[in-house]
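The values are calculated or read from the model by the stated rules, or taken from the named source; none is laboratory data. Keep in mind it's a predicted model, so treat the numbers as computed, not measured. As a convention, Cβ positions derive from the backbone with ideal geometry for all residues, glycine included, and neighbour counts pool all protein chains shown. These area figures cover heavy atoms from the full protein model, side chains too; ligands, DNA and RNA do not enter into them. Shrake-Rupley method; radii C 1.70, N 1.55, O 1.52, S 1.80 Å.
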Amino acid sequence: MLVQKISDGTVIDHITAGKALSVLRLLGDPQARGDTVALVMNVSSSKMKRKDIVKVEGVEISEEQVQKLALIAPQASVNIIRSYRVVDKKNAVPPKLLSGVLNCNNPTCVSVKENDSVSPIFSLAEISPLSYQCKYCGRKLGEQDILSQLG
Ligand code: ZN
């Protein structure tokens with residue numbers, strides 16, 4: 001795999017195959033800002049059947065982005081690189097409770113109608129395929145709903 005090591009930046013491994021571009025969008029399309037990006041797509045992996053890898057030079061992923069990453073690629077692992085060394089590792093684990101990231105798509109839900117005073121809270125319903133259930137009305141958000149809200 002001819003992907004150069006990066007000196008400073010973020011390497012995201014074990015991305016669900018096919019989700020690399022969604023991960024780049026989550027990072028704010030760094031290639032459009034002129035940052036160097038390496039994408040490795042659909043390679044075989046011992047941990048999962050197929051995976052994508054994203055490397056971004058000069059960008060360190062934020063905690064908020066790691067939380068969202070977990071919703072796009074629930075098995076992803078994140079390495080933060082400084083001076084060619086891994087200084088931090090994070091695993092993108094979908095949280096059991098999610099507050100303030102997703103919105104309910106049921107128009108009669110109290111978190112939609114009273115959205116100034118009631119903030120949306122979801123609990124993890126299933127990990128694969130990923131789904132979250134609204135604490136107030138029970139409506140479930142599936143993978144596509146979640147992706148479209150993060151996009
Ligand atoms: Zn709801």
Considering residues of region 114-151 that are under 19 Å from the mean Cα position of the chain (by Cα) and without any contact (Cβ under 8 Å) to a residue 12 or more places away in the chain only, the residue nearest to Gln75 (Cα to Cα)
Glu126
Residues of region 7-46 being open to solvent by 20 Å² or more (accessible area, probe 1.4 Å), in a loop (DSSP other than H, G, I, E, B) and not polar (S, T, N, Q), which ones?
Asp8, Ala17, Gly18, Lys19, Gly28, Asp29, Gly34, Asp35
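So which residues in region 124-141 are in a loop (DSSP other than H, G, I, E, B) and either within 14 Å of the ligand (Cβ to nearest atom) or of a type in the set (Asp, Glu) (or both), if there are any at all? Quick ask: steps written out before the conclusion?
Going through region 124-141, the residues in a loop (DSSP other than H, G, I, E, B) turn out to be 128-129, 135-139.
Matches in region 124-141: Lys135, Tyr136, Cys137, Gly138, Arg139.
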Just one of (1) within 15 Å of the ligand (Cβ to nearest atom); (2) outside any strand (DSSP E or B); (3) in contact (Cβ under 8 Å) with a residue 24 or more places away in the chain trips up Val59, so point out which.
(1)
Determine which member of the set Lys89, Lys96, Lys68 is more than 16 Å from the ligand (Cβ to nearest atom), among the basic types (Lys, Arg) and open to solvent by less than 60 Å² (accessible area, probe 1.4 Å).
Lys68
Has region 95-106 got any residue that is assigned to a strand (DSSP E or B), in contact (Cβ under 8 Å) with a residue 40 or more places away in the chain and out of contact with any helix residue (DSSP H, G or I) (no Cβ under 7 Å at 6 or more places or on another chain)?
no
Residues (open to solvent by 90 Å² or more (accessible area, probe 1.4 Å) and part of a helix (DSSP H, G or I)) located in region 107-123:
Lys113
Listed residues Val110, Val78; which is within 16 Å of the ligand (Cβ to nearest atom) and at pLDDT 95 or above?
Val110
Among (1) touching a helix residue (DSSP H, G or I) at 6+ places or on another chain (Cβ under 6 Å); (2) surrounded by fewer than 17 Cβ atoms within 10 Å (Cβ to Cβ); (3) not basic (Lys, Arg), which single condition is Ile146 missing?
(2)
Report yes if some residue within region 113-128 is in contact with an Asp or Glu (Cβ under 9 Å, 6 or more places away or on another chain) and not hydroxyl-bearing (Ser, Thr, Tyr); otherwise report no.
no
